[in-house]
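Heads up: the structure comes next, in structure tokens.
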Amino acid sequence: MNKPVLLVVDDDEQVLAAVRRDLRSRYREKYTIVSAASGEEALATVKELKARGDSMAMIISDQRMPGIQGTELLTQTREIYPIARRIMLTAYSDIDAAVKAINKAHLDYYLSKPWYPPEECLYPVVDDQLDAWQAEFLPEAKGLRLVGHQWSPQSHEIKDFLAANLIPYHWLDVEREIETRALLEAAAVTPKELPALFFEDGSVLRNPEPRQVAERLGRSLSAALNLYDLVIVGAGPSGLGAAVYGASEGLKTLMLDRHAPGGQAGSSSRIENYLGFPTGVSGSELTRRAVTQAQRLGAEFLVPVEVCGVSVDAGYKHLRCSDGREIVTRTILAATGMAYREHTAPGVSEHTGAGVYYGAAVTEAPAFKDRSVYVVGGGNSAGQGAMYLARYAKDVHIVVRRDSLKDTMSQYLVEQIEKTPNIHLRALTEIEGVEGEGHVERVVLKAGTPGTTVVENADALFVFIGTKPLSEWLPAGVVRDGKGFVLTGRDLVASEVYAKTWKEKREPWSLETSVPGIFAAGDIRAGAMNRVASAVGEGAMVVRFVHEYLALT
Ligand SMILES: Cc1cc2nc3c(=O)[nH]c(=O)nc-3n(C[C@H](O)[C@H](O)[C@H](O)COP(=O)(O)OP(=O)(O)OC[C@H]3O[C@@H](n4cnc5c(N)ncnc54)[C@H](O)[C@@H]3O)c2cc1C
């Protein structure tokens, strides 16, 4: 197979020669460096490479060129090589233009000219972007192959597990991809054994559980130590924040997650407001970086492991896992966040995993290419989900009870949605039901006031409504509000039950719960900000209180 390509585009001969030289000197062993002197030439080259079956890792383009400009080129090539990293080369005076182009061209980075010395200004950026590309890229003939039915909840579960855990795989729908028949026959896999996961060495897992997949991929599911300083339950942004700080400050730190690292943020197609990422960052990319950082600093990480209960004995906390195992620790961080509420309309629960999906827009979007999908919910997560689905689906309908999105969604997303022709806002509308034989075929909508019922053809319904805290696993002594959100610090002190529950001489620290040494951070907390940055910040803060608690005991 040919080496992946790095394409450089600039109409200035000298600049083009200089970038080409710098890239060759560092990347030529693993990549082929190709150059073009105009947008038109670059577009023709990209089409030719695609036709030859070559892979494209990165396109670096100047903005100001006669004819096709950088932004336009990067937008057009995205349709041909969707995961290639896109970098714009800008003069200092063009930075404004580059920033404005971020949304349109989905830039991954912009680099100011000149980039000298390349060791400081060019290579770190290119290395970083190539790492991100490598994490997503899967050569056609390589890697895991998952064969199953599109409408099977078990197939969806494994797809979601692999995608959320950043394990690249090829999805093969048994009804659409004829070549799967030969694959199944050769391994004697029967229809009842689907989904089946094929490994590169020829071995197969039939109808596996996520846990078996993790074990087969060599992931440890057992804790290495008998006693930890800090066990973090939930590996969303707050858990990851705590893992990085806990491990870097020498605490024996273990992080567990029942599904995958990243939490809600991991399912986001583009986080635009996290500090330090001017071009936005996908949830999976942010998660990949955070997990690598936490592990490099020494945090231990087990997934999928679900915690279902905790007991406290002489200050030691015993966590009970759903597989019956027990883990002992001196402190706990509850960072289990929130999950979407179930939609209760008739037909929804029967079709869950078979056309009804909670979140999961990123995992399932490619399966709905050229189809009609419905998104229910008016928050940012629904907006991001709709934008992502619109890249594949023919039509995306956003169903909301209110008359507009303006009170529930960030302005930048409302604007993006308005500019996307295949997204249709269905205001003052509710989902009344879902129908179909074995999978979603129609949705029943009640539109307007007093409300007319209409039935429309639909291929899928993505639910992004309301959220509930995942706090049931905490011991009864942890005080929660009426909705199940955990009270910490001052909110706890102000609660009616404080005097009855808190028996220490000191007051609880700001992120401590009513059980000393059990902390809570992120969306699970009453009064949380529900943002990635605040969750990360709280996770980091907890580590300081953990030190104080350990010093007292
Ligand atoms: C689609 C989407 C897009 C978003 N976009 C943005 C954005 O652009 N900007 C922004 O600031 N915010 C955004 N948010 C909000 C942000 O993602 C959340 O505020 C943030 O993820 C909260 O982090 P957390 O660590 O508290 O919890 P979560 O992210 O909810 O993570 C909790 C983790 O705990 C695990 N878990 C739960 N129960 C257990 C158990 N019993 N045992 C083990 N593990 C368990 C879960 O599997 C999960 O991984 C978005 C949310 C969604 C859903």
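The values are calculated or read from the model by the stated rules, or taken from the named source; none is laboratory data. Owing to the predicted nature of the structure, the values given are computational and were not obtained by experimental measurement. With ideal geometry, Cβ positions are generated from the backbone for all residues, glycine too; neighbour counts draw on all protein chains shown.
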Cross-chain or 6+ apart pairs with Cβ under 8 Å, segment 451-473 first and within 24 Å of residue 381 (Cα to Cα) and hydroxyl-bearing (Ser, Thr, Tyr), then buried (at least 22 other Cβ atoms within 10 Å of the Cβ) and modelled with pLDDT of 95 or more: 467/523; 471/334; 471/336; 471/486; 471/524
Residues (in contact (Cβ under 8 Å) with a residue 24 or more places away in the chain and over 19 Å from the mean Cα position of the chain (by Cα)) located in segment 233-256: 245, 246, 247, 248, 249, 251, 252, 253, 254
In segment 227-256, the residues that are in contact with a helix residue (DSSP H, G or I) (Cβ under 7 Å, 6 or more places away or on another chain) and near the ligand (Cβ under 7 Å from one of its atoms): 234, 235, 236, 237, 238, 239
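Among the helices (runs of 4 or more DSSP H) contained in segment 105-197, which hold 1 or more residues that are touching a residue at least 12 places away in the same chain (Cβ under 8 Å) and within 30 Å of residue 280 (Cβ to Cβ)?
The helices (runs of 4 or more DSSP H) meeting that bar are 118-121, 123-136, 153-164.
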Boolean, residue 154 is surrounded by 15 or more Cβ atoms within 10 Å (Cβ to Cβ), touching a helix residue (DSSP H, G or I) at 6+ places or on another chain (Cβ under 7 Å) and not charged (D, E, K, R): no
Counted residues, segment 257-294 - those being away from the ligand (no atom under 12 Å from the Cβ) and touching a residue at least 40 places away in the same chain (Cβ under 8 Å): 6
Residue ID - farthest from residue 466 (Cα to Cα), chosen from residues in segment 491-538 that are buried (at least 24 other Cβ atoms within 10 Å of the Cβ) and of a type in the set (Asp, Glu): 512
Some residue of segment 46-64 being at positive phi and not hydrophobic (A, V, I, L, M, F, W, C): yes
Strands (runs of 3 or more DSSP E) enclosed by segment 308-411 - at least 2 residues per element that are polar (S, T, N, Q), within 16 Å of the ligand (Cβ to nearest atom) and at pLDDT 95 or above: none
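Every residue, every condition in (1) modelled with pLDDT of 95 or more; (2) assigned to a strand (DSSP E or B); (3) of a type outside the set (Gly, Ala, Ser), yes or no:
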| residue | (1), (2), (3) |
| --- | --- |
| 201 | no, no, yes |
| 205 | yes, yes, yes |
| 219 | no, no, yes |
| 222 | no, no, no |
| 226 | yes, no, yes |
| 231 | yes, yes, yes |
| 240 | yes, no, yes |
| 243 | yes, no, no |
In segment 511-526, the residues that are within 16 Å of the ligand (Cβ to nearest atom) and assigned to a loop (DSSP other than H, G, I, E, B): 511, 513, 521, 526
Some residue of segment 497-506 being of a type in the set (Val, Ile, Thr), assigned to a helix (DSSP H, G or I) and at negative phi: yes
Hits in segment 141-161 (condition: of a type outside the set (S, T, N, Q) and out of contact with any strand residue (DSSP E or B) (no Cβ under 8 Å at 6 or more places or on another chain)): 141, 142, 151, 157, 160, 161
Inter-residue pairs, beta-carbon under 6 Å, first among the hydroxyl-bearing types (Ser, Thr, Tyr) and in segment 362-384, second within 10 Å of the ligand (Cβ to nearest atom) and not in a helix (DSSP H, G or I), 6+ apart: 381/464
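A quick yes/no check of all residues on (1) touching a Ser or Thr at 6+ places or on another chain (Cβ under 6 Å); (2) farther than 19 Å from residue 368 by Cβ; (3) without any contact (Cβ under 8 Å) to a residue 60 or more places away in the chain; (4) exposed (fewer than 15 other Cβ atoms within 10 Å of the Cβ):
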{"site": "408", "(1), (2), (3), (4)": "no, yes, yes, no"}
{"site": "428", "(1), (2), (3), (4)": "no, yes, yes, no"}
{"site": "432", "(1), (2), (3), (4)": "no, yes, no, no"}
{"site": "435", "(1), (2), (3), (4)": "no, no, no, no"}
{"site": "438", "(1), (2), (3), (4)": "no, no, no, yes"}
{"site": "448", "(1), (2), (3), (4)": "no, yes, yes, yes"}
Considering residues of segment 295-306 that are near the ligand (Cβ under 9 Å from one of its atoms) and surrounded by fewer than 23 Cβ atoms within 10 Å (Cβ to Cβ) only, the residue farthest from residue 261 (Cα to Cα): 306
